[in-house]
1. Mind listing the phi-derived Karplus ³J(HN,Hα) values for region 168-179, rounded to whole Hz, using 6.51, -1.76 and 1.60 with θ = phi - 60°, and x for any glycine or proline?
2. Sticking with the crude label model, points 7 Å out along Cα→Cβ, report the distance from residue 560 to residue 180 in nm, one decimal please.
3. Given a 1.4 angstrom probe, I'd like the percentage of the accessible area of region 113-192 that is carbon and sulfur, rounded to a whole number.
4. Can you pull the accessible area of residue 543 for me, 1.4 Å probe, Å² to the nearest 10?
5. Under 16 Å from the 7 Å Cα→Cβ point of residue 464, by amide nitrogen: which residues of region 410-438?
6. For the peptides 474-483, 346-355, what is the packing order when you average, over each peptide's residues, the other Cβ atoms within 10 Å and list the highest mean first?
7. Just to check I understand the Karplus step: with θ = phi - 60° and J = 6.51 cos²θ - 1.76 cosθ + 1.60, what whole-Hz values come out for region 486-492, glycine and proline as x?
8. Can you give me the relative contact order of the chain as a percent, contacts being Cα pairs under 8 Å and 6 or more apart?
Amino acid sequence: MYTSNRFPPFIMLFFLLLSSVSLIAQDTAKKKPLVKITGTMGITYEGYGLNVKPTGSNIYTARKPWNQVRFLFNPTLHIGSKISIPLSMNFASMATNFAGPYAGLKNQTIGQFLTNPANNFSLNPKYKWVELLLGTQYIKYSDLSTGDIGIFGAGVNLSPGKFRIKYFTGISQQGINSVALPPPGIVGAFRRKHYMFQIGTEVEGEHKVAFTVSKAKDIIQSVTSPPLTVLPQEGFTISFLAQKYFKSGWFFNMEMAQSVFTKDLNMPLLLLSDNVSIKPFINARTSSVKDQAGQLSIGKKSTNFDISYATKYVGAGYQTTGYPFMQADHWDNTVNTRLNLFKSKMNINASVGQRVNNLSNTSLRATQFLGNINWFTQVNDRLSVNVNYNNFGFQTVSGLNPFGIKNVSNDFGVSPTYTWSNENVTHSLSMNYNYSKYDERNVISGITTSNNTHTLVVTYMPIYVNRTITPDFSLMYFNNVIPSVKNQLLTLSTGLGMPLLDNKLQLKGQLQYTMGKLNQFSANNNFILSCNLDYKVNKKLTWNSFLSTNYFRYGNELGSIPLIGANYLESNLRTGLMYKF
């Protein structure tokens, strides 16, 4: 955590762009030339403050940088009616939050700045069936190959007729040297280079057939002080997908994929009995694993009724750098349906099935019920009820521990809403009750503990016909029980919104009080006050501000006498200008 007093040169550049685009937009509005620029741009300052008592007690640590400036510049250049060039630039003046490889990094290189997940720079010019992808892109080729990480690089999408050719290469993570001192230090990371390619045919709403390959590799030489807790890795994935949609409503989707993943590039090459490598794309090492994954769904859709069957298998060694958090070693089978009944007064979305975890480990193999339902009913003109249930979790091995990771969550909720009105006001009263049961197994002892939570929220909101104020009132009760711990919360909150200055200023204030009780300890108290101010300077320029203060006073749960009644005051300020051109 630090405060920078330097005035970055790109702030001056940003204001120059703001002035230039404003003049161009005004000029083009008069002449209506062939070239036109549209979009938004803005600048936001975020200030954070924290005061803890007793001083130096470390009962609560800062959650944000003390100061942060963020910039947004998203113009689109239109040339005639067939060429559009969208540009996106969203970046922050500071490198760090408080987690990840950038934590503690004060001075970024150009490469680290461009690939920082907090920043986004992209340019996507398009002409007819040619689209260039430049800068930070989130490329999704398929569900089993690549899709949910940002990559800074360059590529192209070609779509002549029904043919599709896609290629992209770039870096998802720059090399960052590990630094131990001073605390908290810098975790560090290896630079990761990505390559991906897809070729196939597609007619929207009719069919898609595509062949995909993707590869990513960490560059060991990208750092001089390697991370202590991060290993250099390499992965290669190949997949084939086919989708078909019929006019009758029937559809068919499938994808088959194979991956080779090296968990540590420092390990020697696998020379003998090498049936793992996929040459020339990847040479296997002793830490490399090859495995398969696949998914299939088939069903029929109509106006009031859908039905489908879906299955998904992911092998124990299947891993792709395009989906780094994909759970391996499981097999899911579900039946899914949607019903629209009684002239849309009742809507039901549901699925039911089974997951088999740890297919590769007979001793830890287990089945798990999968199910969810969302049932909405409009009982009459005043009353509606929504009921939902969801079951989710996963189970997998945990290194050398005797028991694998296992957690299962069951959630049930019911939400009635009642509305009544007269000639002056419409009243809305809603309630939401939710019960959650979360079971988790200890990987050492094998003991499963349950985390049970009851939550009740009641909200009342009057909407006046001849008044511009919009008040709201709510009450929440929260009860959470785990072995040896009982945590209860009672929250009261009220809000008020109103327009001012001939509707140029929108004001919204919120006051919240929470009393908490932990086991037998005395109650703690929490006050939160927040305010939103949105001011419309003119038709194109708006000024948005948010202020909040959070005061928390502990009971005697911290134990020792100096900490009885300990407290902290946390403040947030966010203010910025947004210009539309």
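The values are calculated or read from the model by the stated rules, or taken from the named source; none is laboratory data. Being a predicted model, the structure only gives us computed values, none of them experimental. Counting neighbours? That spans all protein chains shown, and the Cβs are built from the backbone with ideal geometry, glycine included. Side chains included, ligands, DNA and RNA excluded: accessible areas come from the protein's heavy atoms. Shrake-Rupley method; radii C 1.70, N 1.55, O 1.52, S 1.80 Å.
1. 8, 9, x, 10, 9, 8, 7, x, 10, 5, 7, 10
2. Here the modelled spin labels are 2.8 nm apart.
3. Numbers: 2350 of 3680 Å².
That share works out to 64 percent.
4. Counting only protein heavy atoms, residue 543 exposes about 120 Å² to solvent.
5. Taking a point 7 Å out along Cα→Cβ of residue 464, the residues of region 410-438 whose backbone N falls under 16 Å are 422-428.
6. On the way: 474-483: 14.6, 346-355: 16.4.
Taking the mean over residues of other Cβ atoms within 10 Å, the ranking is 346-355, 474-483.
7. 10, 10, 10, 9, 10, 10, 10
8. Rounded, it is 8 percent for the chain.
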